[in-house]
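Notes to accompany the following structure.
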Amino acid sequence: MFTQLKAELTPITTEVSETSKLFWQDYLNANPAMVEVTQDMNVKTLNRFALEVFHRLYYSPIPEWLPEKPEHQWARVLHNQLSESEEFQNLTLTCAGDPLGSAIAAQSMINNLYRQLEEASDDQEIDELDTLRAKARRAKMEGEEELFKELQAQGQAMSQAAQAFAQKLEGMEGEGIGESVEDAEGNVQEKKDELEVLGLSWGNESGDRNPTPTGEKLRLAALIEQQPQLKKILALAGNALETANRKRRQHQAETGYGELVGITTGNDVAQVLPQELARLSDSRQKLSFYRDFLEGQLFQNDLQAPEEKGKGPMVICLDCSGSMVKGNRFLWSKALIVALVKLANEQDRVVSLVLFESVCYDPIYFHPREDIDQLIRLLITSPTDGGTEFQRPLETARDIIEQDEDYSEADIVFITDGIAPLSSVFLQEYSESLEKLKTNFFLLEIEPEQGWSSELRTLASESWVIDAEGNFEELGAVFTAC
C-alpha cells in the first residue's frame, strides 16, 4: 500500500508525476540511508532534486521546467548537465518504467554527487526561500518596515549565495556526472542480480499470478544494502547458479540424446539413418522418402534418455553448529540454501529446511516468493555455539517424506562441515528406508577438516566437498544432480 506523501516531496525545478512521487516516497520509507544523506547536506532541497532525478529516469527524461527561482538555479544546472550526458541518456533507456531500478540509480547518483555539491556550497546553507518571502510580504502588509527590511536582506544574501553555488557547479562542467551515472548503472545491475537470486523477477512480472509489489522489492533492495553479510551470500549464490546453469546446459548437450538401444521408426531428422537420407539423392525414391517422413515411418536410432536423479521435492538439512562460523562455511552454506531454493522455485518443487546442531529444530516449510522475509531471516542468522548431532535431523527429514504426500520421493540435501557418530545399525536401517522411499541423499561437505571421513558418505547417492577457494565447478555438479 502506498504511503501518504510528505510535504517536502514537491519538485523545485521540473514537473513530477504523482506516480513518481508515490514510488519515491515508498523508497524513502524503506531506505533511511537515503533520507540521512539528503538531510545532512547543506543543500536543504536535495531530496526534492533527487525526486526529480528519479522522475526523469522512471517517467520522462525530458524536464518540464517550473518557474525559475534563484535558490533553485543549482538544480537546473545539474539537470542540464545530466541532459548533456550520453551516459545519462543511456541510463534513462535502461530505467524507463522501472521504479525499482530508477530509485536505486537516483540514490547512487546523489551519493556520488554529494562531494561535488558539498565542495561547491562552501558550507553555506542553500535553502528554500518561500517561507522567508511569505514573512516579508506579511511584514510589508502590516507596516513592519524594519522587519521587512531585515527579512529582505536575509533573502537577498541567501539568494546571492544560491546563485554563487549554481555558478560554481556550472564552472565544474559536469565534473563527476559521467562517473556517477556509470556507477548508478552498475548498482542497478547488482541489485537486479541480488533480487533474482532470491527468486524475485526484476520487472513488473506481467502474467505472474502472484506478483511481488514494487514497494516490497524497494524494501528488500534497501534491506540487502544494509546487510553486508547478506550481500556476500547473494553474490556467492549468484556465481554458483551461473556455474550451475552452464554445467546443466553442458550436461544436457552431452547426455540429451541418451543411449542407443536399437532401431525404430519415426521422423526425427537428427536420428534418421544415413541410408534413409541417401534416398533423397535418388529421384525414384525421393517421393517415397517424403511419404515415410510424413507418416513417421523412416528408420532411425532408438535412444533411451538417461535416468535423471533428483528433480523432486527437497528436504534440506543445514548444520548450524558453532564450527560453521569458521572460515567461509557460514557464507557458503547460506549461499547453497539460496541457490537450492531458487532452483526448487524455478522447477515448481516444494522445499523444506531442517536446521540442526546438538538439537534439531522444527522444519521450516516455505515458498520462496511467499516467505521471502523468512528466508532472509535465515540467511542473516549466525550459527550457534552448539555441537553436531546427525541422527535426529536425518530422522526428521525421513519423517517429512513419509508423512507428507507433497514430499513423496523427495531428495534429501544434507549440508555440514563436520562429523557425528552414527551406529552401523542406524546406517543400515536408514539406507534401506531411502531405497524404499525412492529418495536420493545428496551430501555437501563445506570446508571439512582434513583427514576425517564422514559415515554419511555411505548413504549418499552423490557427495561433494566445497573447499575454501569456492570451487564453482563442484557446485555445477551439485545442481545438475539436485
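Taking Thr10, is it of a type in the set (Ser, Thr, Tyr), part of a loop (DSSP other than H, G, I, E, B) and surrounded by fewer than 24 Cβ atoms within 10 Å (Cβ to Cβ)? Talk me through it step by step, then tell me what you get.
Numbers: of a type in the set (Ser, Thr, Tyr): yes; part of a loop (DSSP other than H, G, I, E, B): yes; surrounded by fewer than 24 Cβ atoms within 10 Å (Cβ to Cβ): yes.
Judged against the criteria, Thr10 is a match.
Just to be sure I understand, how many residues within region 57-71 are open to solvent by 10 Å² or more (accessible area, probe 1.4 Å) and out of contact with any strand residue (DSSP E or B) (no Cβ under 7 Å at 6 or more places or on another chain)?
The first filter runs over region 57-71 and keeps only residues open to solvent by 10 Å² or more (accessible area, probe 1.4 Å), leaving 58-70.
Remaining after also requiring out of contact with any strand residue (DSSP E or B) (no Cβ under 7 Å at 6 or more places or on another chain): 58-62, 67-70.
Selection size over region 57-71: 9.
Can you list the helices (runs of 4 or more DSSP H) lying wholly within region 375-482 that have 3 or more residues being at pLDDT 90 or above?
Details: elements: 391-403, 424-437, 472-481.
Per the criteria, 391-403, 424-437.
For Asp399, which of the numbered conditions (1) surrounded by 14 or more Cβ atoms within 10 Å (Cβ to Cβ); (2) in contact with a Pro (Cβ under 8 Å, 6 or more places away or on another chain); (3) acidic (Asp, Glu) fails to hold?
Asp399 satisfies every listed condition except (2).
Checking the conditions here, which among Gln275, Gln271 is open to solvent by less than 90 Å² (accessible area, probe 1.4 Å), in contact with a strand residue (DSSP E or B) (Cβ under 8 Å, 6 or more places away or on another chain) and at pLDDT 80 or above? Before you say what the answer is, go through the steps one by one.
Working: Gln275 fails: open to solvent by less than 90 Å² (accessible area, probe 1.4 Å).
Answer to the selection: Gln271.
Quick check: is even one residue across region 336-348 part of a helix (DSSP H, G or I), closer than 13 Å to Ile316 by Cα and small (Gly, Ala, Ser)?
Looking through region 336-348, at least one residue is part of a helix (DSSP H, G or I), closer than 13 Å to Ile316 by Cα and small (Gly, Ala, Ser).
Sort through Gln252, Gln227 and tell me the only one that's of a type outside the set (Gly, Ala, Ser), open to solvent by 40 Å² or more (accessible area, probe 1.4 Å) and modelled with pLDDT under 75. Spell out how you get there, then give the answer.
Working: Gln227 fails: modelled with pLDDT under 75.
Testing whether each residue is of a type outside the set (Gly, Ala, Ser), open to solvent by 40 Å² or more (accessible area, probe 1.4 Å) and modelled with pLDDT under 75 leaves just Gln252.
Looking at region 56-84, I want the residues that are within 20 Å of Leu169 (Cα to Cα) and have a partner that is open to solvent by less than 40 Å² (accessible area, probe 1.4 Å) and of a type in the set (Gly, Ala, Ser) with Cβ atoms under 6 Å, at least 6 apart or on another chain. Which pairs are those?
Sorted first by the residue in region 56-84, then by its partner, the pairs are Pro70/Ser159; Pro70/Ala162; Glu71/Ala162; Gln73/Ala166; Trp74/Ala166; Val77/Ala166; Gln81/Gly174.
Report yes if Ala75 is at pLDDT 90 or above, open to solvent by less than 30 Å² (accessible area, probe 1.4 Å), closer than 17 Å to Asn112 by Cα and among the small types (Gly, Ala, Ser), otherwise no. Can you show your working first?
On the way: at pLDDT 90 or above: no; open to solvent by less than 30 Å² (accessible area, probe 1.4 Å): yes; closer than 17 Å to Asn112 by Cα: yes; among the small types (Gly, Ala, Ser): yes.
The answer is no for Ala75.
Is it the case that Gly327 is at pLDDT below 80 and open to solvent by 10 Å² or more (accessible area, probe 1.4 Å)? Explain how you work it out, then say what you get.
Numbers: at pLDDT below 80: yes; open to solvent by 10 Å² or more (accessible area, probe 1.4 Å): yes.
Judged against the criteria, Gly327 is a match.
Looking at region 354-365, I want the residues that are within 14 Å of Ile415 (Cβ to Cβ) and have a partner that is of a type in the set (Phe, Trp, Tyr) and in a loop (DSSP other than H, G, I, E, B) with Cβ atoms under 6 Å, at least 6 apart or on another chain. Which pairs are those?
Taking only residues 6 or more apart or on different chains, the pairs are Leu355/Tyr361.
Which residue pairs have Cβ atoms under 6 Å apart, sit 6 or more places apart or on different chains, and have a first residue in region 1-25 that is modelled with pLDDT of 85 or more and a second that is outside any loop (DSSP other than H, G, I, E, B) and of a type in the set (Gly, Ala, Ser)?
Partner pairs satisfying both residue conditions: Ile12/Ala75; Thr13/Ala75.
Going through region 131-185 one residue at a time, which ones are part of a helix (DSSP H, G or I), closer than 30 Å to Ile104 by Cβ and acidic (Asp, Glu)?
Glu170, Glu179, Glu182, Asp183, Glu185
Can you tell me which of (1) surrounded by fewer than 17 Cβ atoms within 10 Å (Cβ to Cβ); (2) closer than 30 Å to Glu445 by Cβ; (3) modelled with pLDDT of 80 or more is the one Glu346 doesn't meet?
(3)
Say we look at region 101-158 and pick out the residues that are basic (Lys, Arg) and at pLDDT below 75; which of these is most open to solvent (accessible area, probe 1.4 Å)?
Step one: filter region 101-158 for residues basic (Lys, Arg), giving 115, 133, 135, 137-138, 140, 149.
Subset that is at pLDDT below 75: 115, 133.
Values: Arg115: 190, Arg133: 76 Å².
Within region 101-158, the match that is most open to solvent (accessible area, probe 1.4 Å) is Arg115.
The values are calculated or read from the model by the stated rules, or taken from the named source; none is laboratory data. All values derive from a computational prediction rather than experimental measurement. Cβ coordinates were reconstructed from backbone atoms using ideal geometry, including for glycine residues, and neighbour counts include every protein chain displayed. Keep in mind that these areas ignore ligands, DNA and RNA; they rest on the heavy atoms of the full protein, side chains included. Shrake-Rupley method; radii C 1.70, N 1.55, O 1.52, S 1.80 Å.
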